[in-house]
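K.L.:
Quick one: this structure, given as structure tokens, is what I'll be asking you about.
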Amino acid sequence: MKHLLKLLDLSTDEIIDILNLADQLKYEQKHGIPHNILKGMTLGMIFQKASTRTRVSFETGMYQLGGHALFLSSKELQIGRGEPVQDTARVLSRYLNGIMIRTFEQSEVENLAEYGSIPIINGLTDFCHPCQVLADLQTIREYKNKLDGLKFCYIGDGNNMANSLTVGCLKVGMSVSLACPEGYHPDPQVLEFAKAYDNFKLVADPKEAAADADVLYTDVWASMGQEGEAEKRKIAFKGYQINDDVMSVAKSDAMVLHCLPAHREEEITAKVFEQHAADIFDEAENRLHAQKAVMVRLMAPEK
Ligand code: CP
Ligand code: NVA
């Protein structure tokens, strides 16, 4: 594994290896066992969109691994004034040991990887959010002690989260049921991938998708960059909500996850959110551990 651009590029073994290392690093951090695996290394973090979790977990994670992280807002980089990503990649490769980038176009992340000579980590694009899903899988395995054979249900927009969750969950042996309204289905590339799995289902009815689910997941109706469509989307997504009615058909011990930020009473009710706050904030914490594992595998592959 040279980069983390999208989960489609990873084998099941690579995903499981990251989850195992994430568990180990979490244990070490909780027990005060130092792991300065990336001592003297620097990660550049390019942000073209807002972030709370991704920024803080990468920066803290890099520090805990003995390295340093640089926050690079695209507004302040020359990239914001039109310097090509190809040139930015070649310059930053001379200074840094890795780059995490959050941006709009997936092609920008792929270009960084093509032109740069250091590991590139996708910290969210319009197409996918692989770091989030690695943390999600780590959390699910912590709660359920397995991944293979579980039923995963996603309700809402067929967006970057739906894309990465579909690929990640199928690759680790879970069955996946998505409920998305017409016109808001996942990316065709993801549907093409999922077609080969007979445990994948895309339906319109949230309760049909949620039946007997072990894990329920949702995300905002309007993602970053779609603020102008928020009102239209409120109409299109009405009913695509995790609420008591949906929970009543899931397994009685089902967990509920949300990548956050959450919009209460839109994609999830405040009641269900608070009932599952432990799951959701463990999930947020695991961004730290899962991303540390990704950085170790990419930036110190020999360790
Ligand atoms: N879930 C997630 O990526 O959160 P941020 O947008 O706060 O980084
Ligand atoms: N779909 C959301 C995820 C945020 C972590 C967005 O792209 O804004």
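K.L.:
Carbon and sulfur atoms: what percent of the 1.4 Å accessible area of the range 153-193 do they account for?
P.N.:
51
K.L.:
Averaged per residue, what accessible surface does the range 24-165 expose to a 1.4 Å probe, in Å²?
P.N.:
Per-residue value: 42 Å².
K.L.:
Can you run phi through the Karplus equation (6.51, -1.76, 1.60; θ = phi - 60°) for the range 158-163 and list ³J(HN,Hα) in whole Hz, with x for Gly and Pro?
P.N.:
x, 9, 3, 5, 4, 4
K.L.:
Still on this structure, please answer the following. Can you give the net charge of the other residues whose Cβ lies under 12 Å from the Cβ of residue 163, counting K and R as +1 and D and E as -1?
P.N.:
-4
K.L.:
Students often get this wrong: which residues of the range 279-303 have the backbone nitrogen under 20 Å from the point 7 angstrom along Cα-to-C-beta of residue 35?
P.N.:
Residues 282-303 fall inside that zone.
K.L.:
Also, quick follow-up: Sticking to Cα atoms, compute the Rg of the range 209-253 to one decimal and its Dmax as the biggest Cα-Cα distance, whole number, in Å.
P.N.:
Computed over the Cα atoms of the range 209-253, radius of gyration and Dmax are 13.0, 38 Å.
K.L.:
Residues with beta-carbon under 9 Å from that of residue 115, excluding residue 115: net charge, scoring Lys, Arg +1 and Asp, Glu -1?
P.N.:
With Lys, Arg at +1 and Asp, Glu at -1, the net is -1.
K.L.:
Reachable aspartates and glutamates from residue 238, Cα under 18 Å, same-chain residues fewer than 8 places away excluded?
P.N.:
Output for residue 238: 157, 182, 205, 208, 219, 227, 229, 265, 266, 267.
K.L.:
Further, regarding this structure: Could you tell me the number of lysine pairs in the range 1-100 with C-alpha atoms less than 25 Å from each other, where the two lysines are 8 or more residues apart or belong to different chains?
P.N.:
9
K.L.:
Could you tell me what a quarter of the Cα convex hull surface of the range 129-277 works out to, in nm² with one decimal place?
P.N.:
Computed as one quarter of the Cα hull surface, the answer is 8.0 nm².
K.L.:
Per residue, how large is the accessible surface of the range 196-303? Use a 1.4 angstrom probe and give square angstrom.
P.N.:
Result: 44 Å² per residue.
K.L.:
For the range 95-232, how many pairs of lysine residues have a Cα-Cα distance under 25 Å, where the two are 8 or more positions apart or belong to different chains?
P.N.:
16
K.L.:
So what are the ³J(HN,Hα) numbers for the range 244-251, from phi and the Karplus equation (6.51, -1.76, 1.60; θ = phi - 60°), rounded to whole Hz, Gly and Pro as x?
P.N.:
With the stated coefficients, the range 244-251 comes to 4, 4, 5, 4, 5, 9, 7, 4 Hz.
K.L.:
Could I ask something else about it? Over the range 63-108, what per residue volume does the convex hull of the Cα atoms give, in whole Å³?
P.N.:
Enclosed volume per residue, from the Cα hull, is 94 Å³.
K.L.:
In the range 1-126, carbon and sulfur make up what percent of the accessible area (probe 1.4 Å)?
P.N.:
After summing per-atom areas, the C and S share lands at 49 percent.
K.L.:
Then there is this: Hey, any idea what % of the range 197-274's accessible area is carbon plus sulfur with a 1.4 Å probe?
P.N.:
The C+S portion of the solvent-accessible surface of the range 197-274 is 51 percent.
The values are calculated or read from the model by the stated rules, or taken from the named source; none is laboratory data. As the structure is a computational prediction, the values presented were derived from the model and not from experiment. Cβ: placed from backbone, ideal geometry, glycine included. Neighbour counts: every protein chain shown. The accessibility values were calculated without ligands, DNA or RNA, using every heavy atom of the protein model including side chains. Shrake-Rupley method; radii C 1.70, N 1.55, O 1.52, S 1.80 Å.
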